[in-house]
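The values are calculated or read from the model by the stated rules, or taken from the named source; none is laboratory data. The structure displayed is predicted, hence computed values, not measured ones. Virtual Cβ from ideal backbone geometry, glycine too; neighbours counted across all protein chains shown. We work out accessible area using only protein heavy atoms, side chains counted, and drop any ligands, DNA or RNA first. Shrake-Rupley method; radii C 1.70, N 1.55, O 1.52, S 1.80 Å.
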Amino acid sequence: MASTISCDVAIVGAGLAGGMIALALKAKHPALDVRLIDSAQVVGGNHLWSFFGSDVAQGDRWIVAPLVVHAWQGYDVRFPAHARTIDETYYSIESERLDREVRRVLPAHALMLGRKVSGASATAVVLADGDRIEATGVIDARGPGDLSLLDLAWQKFLGRELALSAPHEAPKPMVMDATIPQIDGYRFVYCLPFSADRMFVEDTYYSDTPDLDIPVLGDRIDAYVTARGWSVDNVVREESGVLPVAMGGDFEAYWRSGGAHVAKAGMRAGMFHPTTGYSLPDAVRTASMLAGRNDFSGAKLHDAAHAMARATWKSRGFYRMLDTMLFRAAEPEERYRILERFYRLSPSLIGRFYAGRSTLADKARVLTGKPPSPSCAPSAPSQAVCHHEDRNSHRRRVWRAGARDPAAIRGRADDDRRVTRQAGRAWVFLGA
C-alpha cells in the first residue's frame with residue numbers, strides 16, 4: 001500500500017549537486033530531516049570531478065575537503081607551439097568517495113536510493129511505486145532541463161583509469177595535451193596521475209555535435225598511451241560524458257522546463273560554466289548558499305535558487321560570447337590556436353576564468369591579441385578559409401554571432417558593456 005513520508009527537505013537527484021547539498025544541510029542544520037532520492041543505487045554515479053584550487057572560495061572549502069581523493073601542486077599544458085607548467089593546486093573527487101561520505105553523514109532512512117521519481121513540486125515528490133514525500137521544501141537536482149532552449153556546442157569525452165605495468169614518470173596532471181591530431185573540433189588529451197602506476201587518461205573534444213563514438217575514442221586513447229610509452233595491465237574503470245557549452249539561449253524558459261516553481265540545482269538550474277560545462281564550483285556555491293538559510297519552505301527555496309541561477313547566467317555573458325567566437329568564427333581544426341594563446345596569459349587570469357570570476361581587466365586582456373585570425377588567414381593564394389570575406393565583413397559576422405546572446409552585449413554594468421563591445425573586433429581574440 002502506498003505511504004506518505006514527511007520531511008523537512010527532499011532533494012531529488014543524488015548526483016554531485018544533490019549530494020553536496022545534503023552534506024552541507026546536515027553540517028549546518030544537524031536536526032534537519034533531509035531525504036536524498038534517486039533511482040540509482042549509489043550516490044554520484046560513476047564519475048570523476050576535478051577542479052582548480054581557485055574554483056572554490058576559501059569559505060566554502062569545508063564542503064569539498066572531505067571529498068577530495070587526489071591533490072597536486074601544479075599542472076601542465078602542451079600545444080604545438082607552446083607548453084608550460086602552471087603553479088596552481090588541482091584536485092579530484094571520485095564518486096565512490098562522495099557516496100561513502102553521504103552514507104556516513106546521513107542516517108540510513110534519509111537515503112532513498114533505487115526509488116524512481118514520477119514528479120516533483122515545491123513541497124512534494126511522487127514516487128513511481130505510489131509513495132509520496134511531503135516536504136517543507138523540495139530541491140530538484142536531477143539532470144538538465146530542456147537543452148533545446150539553449151544555443152549549445154558540446155564538450156564530450158571518454159576517460160579510462162589505467163593500471164600500468166611500470167611507473168609512468170609523469171607526476172603532474174596534464175590538463176591539456178593538444179599536440180595530438182585535431183579531429184571533430186578542438187581535441188586534447190587529459191591525464192591525471194593517481195599513483196606511480198595508475199593513470200587516468202581522457203580523450204576530449206570541443207565539438208559542434210554531441211555524438212560520441214565510444215569504440216573510436218577508445219582506440220585513440222590506446223594510441224595515445226602507446227605513444228607515451230605506457231604499458232597497460234588493465235582498465236580499472238571507464239566513464240564518458242557530453243557537457244553543454246553555452247553560447248546563448250532563454251534562461252527563464254530553460255528554468256521553467258525543469259519544473260515551474262520548484263527549487264533547482266546543478267545542471268537542472270543551468271548552473272554550469274558556459275565554456276567548460278563544469279558544474280562543481282557552482283554546486284559548491286549552491287550548497288553553501290542553501291546551507292546558510294533557515295527558511296526551507298518550497299517557495300523561499302525556489303526564490304533563492306532561482307535568484308542565484310539567474311544572476312549567475314546574467315554575469316556570464318562574456319563567456320558565452322567567447323564560446324560563440326570559438327564555434328562560429330574559428331575553423332574546427334584551428335580552434336586549438338585560441339586555447340594555445342589563452343594559456344600564454346597569466347596564471348591568475350586563467351584561474352579566474354575557470355572560476356567564472358574574470359575581472360574587467362581580464363576580459364580586456366583576453367580580447368586583445370595580434371591578428372590575423374587563423375580562421376581568416378589564406379592557406380594558399382587561391383584559398384581563404386573565410387570564403388573571400390574581407391576583414392571588416394568578417395568582424396561584422398563574428399559580432400553578429402556574439403550578439404545573439406543579449407547578455408553578452410549588455411553585460412551587468414557599463415564596464416562590462418565597454419569590454420563586450422570589443423567583440424566588434426573579435427577576430428583579434430582569435431589571433432596567435
Q) under 28 Å from Thr204 (Cβ atoms) and open to solvent by 10 Å² or more (accessible area, probe 1.4 Å): does that describe Arg310? A) no
Q.
Restricting to region 89-98, count the residues that are in contact (Cβ under 8 Å) with a residue 60 or more places away in the chain and surrounded by fewer than 20 Cβ atoms within 10 Å (Cβ to Cβ).
A. 1
Q | Of all residues making up region 261-316, the number that are over 17 Å from the mean Cα position of the chain (by Cα) and among the hydroxyl-bearing types (Ser, Thr, Tyr) | A | 2
Q. With respect to Ala81, is the statement that it is without any contact (Cβ under 8 Å) to a residue 40 or more places away in the chain and loosely packed, with under 15 Cβ neighbours inside 10 Å true?
A. no
(Q) Suppose we filter Asp219, Asp282, Asp233 for residues that are loosely packed, with under 15 Cβ neighbours inside 10 Å, touching a residue at least 12 places away in the same chain (Cβ under 8 Å) and of a type in the set (Asp, Glu); which single one remains? (A) Asp233
Q. Which fully enclosed helices (runs of 4 or more DSSP H) of region 266-360 have 1 or more residues being within 21 Å of Val68 (Cβ to Cβ)?
A. 280-291, 347-355
Q | Complete set of residues in region 252-279 that are open to solvent by less than 10 Å² (accessible area, probe 1.4 Å), among the hydrophobic types (A, V, I, L, M, F, W, C) and farther than 25 Å from Cys7 by Cβ | A | Phe272
Q. Which of (1) in a helix (DSSP H, G or I); (2) farther than 30 Å from Asp33 by Cα does Val102 not meet, given it meets every other one?
A. (2)
(Q) Where the second residue is at pLDDT 95 or above and loosely packed, with under 13 Cβ neighbours inside 10 Å and the first is at positive phi and outside any strand (DSSP E or B) and lies in region 109-130, which pairs have Cβ atoms under 6 Å and are six or more apart or on separate chains? (A) Gly114/Gln41
